[in-house]
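What follows is a set of notes on a single structure, which appears directly below.
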Amino acid sequence: MSKLLIFLTLIPLLPILTTSFSLENPSSRRVLVLLDDLALKSSHSVFFNSLQSRGFDLDFKLADDPKIGLHRYGQYLYDGLILFCPTTERFGGSIDLAAILEFVDSGHDLIIAADSNASDLIREIATESGVDFDEDPAALVIDHSSYAVSNTEGDHTLIASDEYIKSDVILGSKKIEAPVLFQGIGHSLNPSNSLVLKVLSASPSAYSSNPKSKLSNPPSLTGSAISLVSIVQARNNARILISGSLSMFSNRFFRSEVQKAGSPTKHEKSGNEQFLTELSKWVFHERGHLKAMNVRHHKAGEADEPTIYRVNDDLEYSVEIYEWSGASWEPYVADDVQVQFYMMSPYVLKNLSTDKKGSYFTAFKVPDVYGVFQFKVEYQRLGYTSLSLSKQIPVRPFKHNEYERFIPAAYPYYGAAFSMMTGFFIFTAVHLYSK
Amino acid sequence: MAASETSNGTALRYAFGNVLSFFILLLIGVLAFSIRLFSVIKYESVIHEFDPYFNYRVTQYLTKNGIYDFWNWFDDRTWYPLGRVIGGTVYPGLTLTAGTLYWILNSLNIPLSVETVCVFTAPIFSAFASWATYLLTKEVKGAGAGLTAAVLLAMVPSYISRSVAGSYDNEAVAIFALIFTFFLYIKTLNTGSLFYATLNAIAYFYMVCSWGGYTFIINLIPMHVLLCIVTGRYSSRLYIAYAPLVVLGTLLASLVPVVGFNAVLTSEHFGSFLVFIIIHVVALVYYIKGILSPKMFKVAVTLVVSIGLVVCCAVIAVLVALVASSPTKGWSGRSLSLLDPTYASKYIPIIASVSEHQPPTWPSYFMDINVLAFLVPAGIIACFSPLSDASSFVVLYIVTSVYFSGVMVRLMLVLAPAACIMSGIALSASFDVFTRSIKFQLPGVKGNSQVDAGDTSSEGVVAQNEVAKTYKNEEALKERPSKKNRKKEKEHVEKPSVKAQIKKRLLVLPFEASIIAILLLVLLGAFYVVHSVWAAAEAYSAPSIVLTSYSHDGLHVFDDFREAYSWLSHNTEVDDKVASWWDYGYQTTAMANRTVIVDNNTWNNTHIATVGTAMSSPEKAAWEIFDSLDVKYVLVVFGGLVGYPSDDINKFLWMVRIGGGVFPHIKEPDYLRDGQYRIDSQATPTMLNCLMYKLSYYRFVETDGKAFDRVRRTEIGKKHFKLTHFEEVFTTHHWMVRIYKLKPQKNRIRGKAKKSRSKASSTTSTKRSETQRKNPWH
Amino acid sequence: MVKSTSKDAQALFQSLRSAYAATPTNLKIIDLYVVFSIFTALIQVVYMAIVGSFPFNSFLSGVLSCIGTAVLAVCLRIQVNKENKEFKDLPPERAFADFVLCNLVLHLVIMNFLG
């Protein structure tokens, strides 16, 4: 009944909501949460509440609900998707692997939480995103040296890790003091894959194996090669968060106190809440989303944009770059934005200076080479969406009447030519009169 | 004049003859124009082939933007991303001519489209060319020969092949300019008038504007001058004909942007300067000889020779040093391949890859100049009796052009006018003799025999000419029997012994023999006409943009090229870049208005090699090359379905060669199985995996289930394959043009693990082994 | 040997001068004109050798204008020379008109090429 109600309330909202995710407003607003069990809604409520308090509209569904669907009439109903259903073998409704991948490929965000015994479906979604979970379905990440100290000695599968990625953009500027609790499966990344980042990695002493069976052969995943939480930023800037543990989102982990084995300090509260909240901000584009606009270039001293430049022209280039703060576009300030004047290779490479109000500008001289050039701004920084602007502009050689006309060195030649002409007139006169 | 017998009758006769020849010329013009219209009638009024499309596009630009913009035109639609300075790299003669025609017509309120003007420029100029031939031959051997030569030129197949309606190429106007320049040179030589010398320089300027073949003129004329000097035929007329031409011609040539300083700096032009110096020395020597006594002259000679030798040596040493310091010895590739036919194929695959730069085969001589090939020797002999400055020039012209045509098929075109002139001279001379001998033997017309000859209006050499003509005629006859009548040959072999004693009366041939000979000559002419018309109608009028074929169920029209180009222009963005082999560059820019990477103006070898490399690389490497060039679409031409032989697979080895010339990782042997180029199951894996193979044969097996290639007459080697980095976006009706789009980079990068859709357990084990390989403990 | 050569040369020079003295005045004027233009050309070549060939088009047009003028004058001289049998039927007026036309074309081109 409640599902129907939500659905009914959704319908009038549709026209408003469909326009909500746009370039002007990149944060996801409507999020579909697929759960194995509706009990998760309450057991993970802290995480969900933090999302809702930031203005997200969460739509909780069972993963095998036959009515669920990601889009309707060619429009996506949601801007984000949270898969808290590690054991689901099949989704209900029209959702399947291809639908989810298409959802991501059309620029939407995704959070996946796996767990031990994660289903093939979840594994496959992760694989498609560039993350390989340990193939052993029963394997967990075990760490005998940096486990979280708890009342029961246990099998050291509850890990306290503080090996975060060092990026203010992804994890916020506030330092996460307490280690993050993790219990679940590890995954590995292909080092050549430039789109995937390891956000939380295991300590060098960790390995991935089935804690219940004896270690017969060396574990396939070991040490800090194990990634516990990873993020993916696809080329279309869709963001994916993949975690090997569903329980790290749970209220229990959020609230629990944590003491890392071998560490004297005992933290009142684990770092999970801060870590995951900040991470979810990043995933849902509340941070690190850049946009560039108003690319302008013109000759020095002119205002209009020409259709073609001449070699050795002086030109000025400017672009405005803003960052999405979750609510509005704020000027982005950095000193490492560069523009290339590019034809097969960069002929000019200049740092753009900024006025701290989002505007970046520089001036340079067109090289003495003609051809079809491009103004290229390729700005890829860790955690930020990649900016790739290119604007084509032809550069022509001198026109025939643009060369220097009278060259001092050539005056004798001019003199000779003109003396020949006057000579010709004099000669004509003399020749005619001498008869 | 010969007919100094003074009678109104002769004057009237001349007037009548002039009017007659005027009308004949008019008809020749009409003939030359209309024989070239077969392509319009059989197909439609379109621009043909490849280069004409570029010229057409340039003309459009010219008529739209005016001459100054044209001069400064920097084209960013071609040679992406380098661009091309059209104004500075194009021979503007043709474009300006058509543009002027267009403006004239439009100012007369005749609203023709630019395309129409372009299509008909070539036929119009071939009419002009035949008139110029008339003038030239008239200067050499008289009006009769002139008219014959003009008729022959109006329908010589070699020239038709380059100037059918729609074939809007430089050669169309250049041949006219070439002949006209030669005419003015001969005219100047005959009259010694500075006026004609000026005109000559201007005609030369027009030729330089029109075609790179102008170097032929600037080398042939000095050769002739040198020949005259060496054979002791120096006259002050020669000086007047040559010296102003060199100075004015050089200056005018440097005004053409594409030639520029090359007119003084490259060794193609050095010959003319050398002869320029020589003619001055000779002129001075003749002058001094004229004012000095013989004895004193001898003294002067010894003095001057000793000093002159030293100076000459010094100058030559400097010249040699200058030339040798440049890498190609100052000669451009195309010119070098003229002198050394093996040069191009050895060093420059890009020149060798063009079929018209190959040496011609023997049948092509017969195809292109037909019976003229047999008449030429007769004409040469006719030119030697008597040898004037003008006729020696024509002889030199034919000899050099025969050589050049033997090097490059394309230069057959230069040979054609020479062959026409020679054959015209031979034919008219033999007709002359036959008709005269008939008249001579007919009672009562004895006295008139001279009048016919007088038609030639050559100056006071009629008597001499007659002598010569008999001789020529015999030669002409001698040629014919070789392929027609053996009996005749014997009869004429005896004649040459007779010719020694030249007596007018003895020169007369037997009446019957003359009649038969005339008949045979007419037959020969008729054969030529039939052949030419056939060539014009069938062989040379296909526009190559539209193809037709006849089969049992009628005519098939293949309009795939235009289909593909219009698809491009309607379905792609304006700034999209299309990559194809360079043959299709001009057409793509002109018809689809899309930016291309390389085109038929092959000025940048590296860029072409890049495209060649991409085409011969595997898919991924090719994708990277194309992506770095911002290419969106790749266009390949594939003839395997309909049997169109000049498709990209047949050109592919050139791509490999040109690519390999710059990027050594492309090796030709990798694409050949035991030295054989094949695409069937015996083909090498490199061949089967290269982009060109894949793009050509993608989904080909779906057409007939067997994937039988009708051009190579074999089943292809690899039938079922998928493309990972390209997607097919358009294939024309007959599969002749296939257009592929570069797939964008994957949005996500997949993990290493294999897809485990069906059985997780079985794949788990394989996955494990895979991951274990990365295990540091192993 | 040297003496005889120099003697010969002297004799040659003498006879040349005497022969030249016989030429009509208008031809002499032409000769002067030719010498003048060749001299100008030589000066330019020397200047080019010193300064370098940078404005090559200017150099080329300067020198070629001189050479062209000289060549045309020589042509005129050939044509108006009464002793020359080849041009008997060519009136000197016609020759001069041609000469003027040719010069006009030449200088037009030079002007075009100079800058």
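Throughout, read-outs are computed from the coordinates displayed, never taken from laboratory work. Computed from a predicted model, the values in this text were never measured in an experiment. Please note: Cβ atoms are built from the backbone with ideal geometry, for glycine as well, and neighbour counts cover all protein chains shown.
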Stokes-Einstein D for region B:255-319, Kirkwood Rh over Cα pairs, 25 °C, 0.890 mPa s (µm²/s):
175 µm²/s
Using a cut-off of 13 Å between beta-carbons, work out the net charge of the residues near residue A:107 (Lys and Arg +1, Asp and Glu -1, residue A:107 not included).
-1
Inter-label distance for residue B:320 and residue A:399, nm, one decimal - labels placed 7 Å from Cα along Cα-to-Cβ
4.9 nm
Number of partner chain Cβ atoms within 10 Å, mean per residue of A:395-408
4
Using a cut-off of 13 Å between alpha-carbon atoms, which aspartates and glutamates can reach residue B:187, once sequence neighbours fewer than 8 places away in the same chain are excluded?
B:139, B:389
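Please go through the residue pairs A:67/B:722; B:141/B:289; B:620/B:718; B:718/B:741; A:175/A:212; A:357/B:577 and name each one whose alpha carbons sit more than 25 Å apart in this structure.
Numbers: A:67/B:722 36 Å; B:141/B:289 33 Å; B:620/B:718 18 Å; B:718/B:741 22 Å; A:175/A:212 36 Å; A:357/B:577 37 Å.
Those over the limit are A:67/B:722; B:141/B:289; A:175/A:212; A:357/B:577.
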Most fluctuating residue of A:110, A:382, A:200 in a GNM of chain A with Cα springs under 10 Å: which is it?
A:382
DSSP beta bridge pairing in the protein assembly as shown, given as percent antiparallel to the nearest 5:
80 percent
Cα→Cβ-extended label distance, 7 Å offset, between residue A:138 and residue B:665, nm:
4.8 nm
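Tell me which trypsin sites (Lys or Arg not before Pro) from region A:225-308 have a DSSP coil assignment and no more than 16 other beta carbons within 10 Å of their own. Write down the numbers at each step before the final one.
Values: sites: A:235, A:239, A:252, A:255, A:260, A:266, A:269, A:281, A:287, A:291, A:296, A:299; in loops: A:235, A:266, A:269, A:287.
Here the sparse-neighbourhood loop sites are A:235, A:266, A:269.
Compute the projected area of the convex hull of the Cα atoms of chain C, averaged over all viewing directions, and report it in nm² to one decimal place. The partial results should precede the final answer.
Values: hull surface 40.6 nm².
Average projection, Cα convex hull of chain C: 10.1 nm².
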What is the sum of charges, Lys and Arg at +1 and Asp and Glu at -1, for the other residues whose Cβ falls under 13 Å from the Cβ of residue A:198?
-1
Based on a Kirkwood Rh over C-alpha pairs, give the Stokes-Einstein translational diffusion coefficient of the protein assembly as shown at 10 °C and viscosity 1.306 mPa s in µm²/s.
41 µm²/s
Give me the one-decimal nm value for the distance between modelled label points at residue B:104 and residue B:604, 7 Å along each residue's Cα-to-Cβ direction.
3.8 nm
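Per 0.36 nm of contour for each residue apart, how much would the distance between residue B:552 and residue B:233 grow if the chain were fully extended, relative to their Cα-Cα spacing? Intermediate values should be presented prior to the final figure.
Details: separation 319, 0.36 × 319 = 114.84 nm, distance 6.51 nm.
The span from residue B:552 to residue B:233 would gain 108.3 nm if fully extended.
With an 8 Å cut-off on Cα pairs and a minimum separation of 6 or more residues, tell me the relative contact order of region C:25-114 in percent.
Numbers: 65 pairs, mean separation 30.8, N = 90.
The normalised contact order for region C:25-114 reaches 34 percent.
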Cα-based Rg and Dmax for region A:19-283, where Dmax is the largest Cα-Cα distance (Å)
17.7, 58
Just to confirm a number: summing +1 for Lys and Arg and -1 for Asp and Glu over residues other than residue A:242 whose beta-carbon lies under 14 angstrom from that of residue A:242, what do you get?
-1
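I need the shape label for region B:587-630. Rule: rounded when a/c is under 1.5, else prolate if a/b > b/c, else oblate, with a, b, c from the alpha carbon gyration tensor. Walk me through the intermediate numbers first.
Values: a/c = 2.46, a/b = 1.52, b/c = 1.62.
Since a/c reaches 1.5 but b/c is at least a/b, the shape of region B:587-630 is classed as oblate.
Looking at the square roots a ≥ b ≥ c of the eigenvalues of the Cα gyration tensor of region A:289-400, which shape do they give, rounded for a/c under 1.5, prolate if a/b is larger than b/c, or oblate?
On the way: a/c = 2.56, a/b = 1.96, b/c = 1.31.
Cα axes put region A:289-400 in the prolate bin.
Can you pull the mean other chain C-beta count within 10 Å for peptide B:241-254?
The shielding value for this peptide is 5.
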For a footprinting-style exposure proxy, rank B:699, B:748 by other Cβ within 10 Å, fewest first.
B:699, B:748
Rounded to the nearest 0.05, what FRET efficiency do residue C:104 and residue A:365 have when you use their Cβ-Cβ distance and R0 = 51 Å?
0.70
Can you tell me which of A:372, A:283, A:180 moves the most in a GNM of chain A? Springs connect C-alpha atoms under 10 Å apart.
A:372
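Quantify how strongly other chains surround peptide B:74-82 by giving the mean number of their Cβ atoms within 10 Å of each of its Cβ atoms.
On the way: counts 11, 3, 11, 2, 1, 2, 6, 10, 6.
Going residue by residue through B:74-82 and averaging, the value is 6.
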Gaussian network model of chain A, springs between alpha carbon atoms under 10 Å - residue of A:259, A:340, A:75 with greatest fluctuation
A:75
When the Cα centres of region B:8-42 and region B:201-247 are compared, how far apart do they sit, in Å?
30 Å
Jot down the radius of gyration and Dmax of region B:666-718, Cα atoms only, both in angstrom.
11.0, 33
Rounded to the nearest 10, the angle in degrees between the Cα long axis of helix A:2-18 and the longest principal axis of the Cα atoms of chain A comes to 10 degrees
